[in-house]
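Some notes on the structure that comes next.
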Amino acid sequence: MAVAAYASLLSLMHVLDNVQHPARRRRLHLDRDQIERLQKKVKFLKDFLEVHSQRKSNQEIEDLVRQIAVVSYEAEHIIDLHVVDQLREGSQDEGHRMAAISSFCLDIDKIIEEIDSITKELMMIQEGWNNIDVQKPIVLAPATSSKIPSSEKNSTMVGFDEHLIRIMDELAGDKYDLQILPVVGMGGIGKTTLAKNTFDHPYIVNCFDIRIWSTISQEYNVLEILRGLLGLPNDGKGQESSDVRKLGEMLHKRLFGRKYLIVMDDMWSTEPWDEIKLFFPNNGNGSRIMITTRLSTVAASLGSRKPYMLDFLDQEKSWNLLCEKVFGQKSCPYPELEAIGKDIAKYCRGLPLQS
């Protein structure tokens, strides 16, 4: 439920950003101060869920998280209806428009009041946590990584928002056994981009004690994989760094008792997994291993869960992605370029990296 609430907040923030866009400001009659107040309050709830995502939940928290999801969906619905109402040019007289704007402002005020009520309860709970933390501080182990891609942390992922939320839900779910999640898709579809954005997402960062990234590739070396997982240089120095068993024991010891996330990117066969899987302890605390591969046969033999399939973007999403890359928004501000732009998007055939 926490992931659903988080997703609803992200969606609402996206809607609020859209109505604040300069191009839309000229066409919509909104109380800017009211919208900005709502944005700040929504951001607080999002930040709260990110920071406290690994806290053990209870009924009180679950009820508040459920309320967050409901009020977010309600706010988004109200804004969408108001925007559609205003964009119906000529369909309403001035009196009707003013009444609609007044009604919208009242509805948003009610939403803000609901959020304030939720926030007040969250702050009281947080105060109780702070009192406990004085006695027993929570220490998060620093994340470790190996060959993490150099793509920007906030890579454009038009068409992948739903995938991101679903993957986060899989990783942060309530199953305590060690889970292996294969992510499958052809080369260029965006598996690494999705994995990287998930790996770096604040919600996921706060869910795990330790995160490790490893790039496998077609020509793999078990020793190099283990050294990378341990953060050791691949120079072969030291007897322990040339012994698979000793390196594996070091990895097992480092991960034992900790909630960990391992991302193994671009696996071409099950062989490297078969050689190192015994070194990953099942701590019974929700640890996860995510493996990206372009081969469905590999994914089927790897996972303890059903493989997660990444499909092509359809033409509309491919066009949106191209617009966001070129113009910084999901629409083309130059009508004369739209036809040729859509031809280019069609040529990309739904592959995000080509777009």
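The values are calculated or read from the model by the stated rules, or taken from the named source; none is laboratory data. The model shown is predicted, which means the values in this text are computed figures rather than measured ones. Using ideal geometry, Cβ is built from the backbone for each residue, glycine included, and neighbour counts are taken over all protein chains shown.
Got at least one residue in the stretch 29-51 being surrounded by fewer than 17 Cβ atoms within 10 Å (Cβ to Cβ), outside any helix (DSSP H, G or I) and at pLDDT 80 or above? Yes, that holds for at least one residue. Looking at the stretch 231-244, is at least one residue at pLDDT below 80, in the same structural domain as residue 292 (by TED's automatic domain parsing) and on the phi > 0 side of the Ramachandran plot? Yes, there is a match, as at least one residue in the stretch 231-244 is at pLDDT below 80, in the same structural domain as residue 292 (by TED's automatic domain parsing) and on the phi > 0 side of the Ramachandran plot. At pLDDT 75 or above, surrounded by 14 or more Cβ atoms within 10 Å (Cβ to Cβ) and closer than 26 Å to residue 171 by Cα: does that describe residue 68? Answer is yes for this residue. Does the stretch 202-227 hold any residues that are touching a helix residue (DSSP H, G or I) at 6+ places or on another chain (Cβ under 7 Å), closer than 17 Å to residue 291 by Cα and modelled with pLDDT under 85, and which are they? Hit for the stretch 202-227 is 220, nothing else. Would the stretch 165-178 turn up any residue that is in contact (Cβ under 8 Å) with a residue 60 or more places away in the chain, among the acidic types (Asp, Glu) and in a helix (DSSP H, G or I)? Yes; the residues of the stretch 165-178 include at least one that is in contact (Cβ under 8 Å) with a residue 60 or more places away in the chain, among the acidic types (Asp, Glu) and in a helix (DSSP H, G or I).
Being assigned to a loop (DSSP other than H, G, I, E, B) and on the phi < 0 side of the Ramachandran plot is the filter here; which residues of the stretch 195-225 pass it? Full working, then the answer.
Residues of the stretch 195-225 assigned to a loop (DSSP other than H, G, I, E, B): 201, 206-209, 216-221.
If the condition is that a residue be assigned to a loop (DSSP other than H, G, I, E, B) and on the phi < 0 side of the Ramachandran plot, then 201, 206, 207, 208, 209, 216, 218, 219, 220, 221 are the ones that fit.
Residues that are of a type in the set (A, V, I, L, M) and out of contact with any helix residue (DSSP H, G or I) (no Cβ under 7 Å at 6 or more places or on another chain) are absent from the stretch 228-239.
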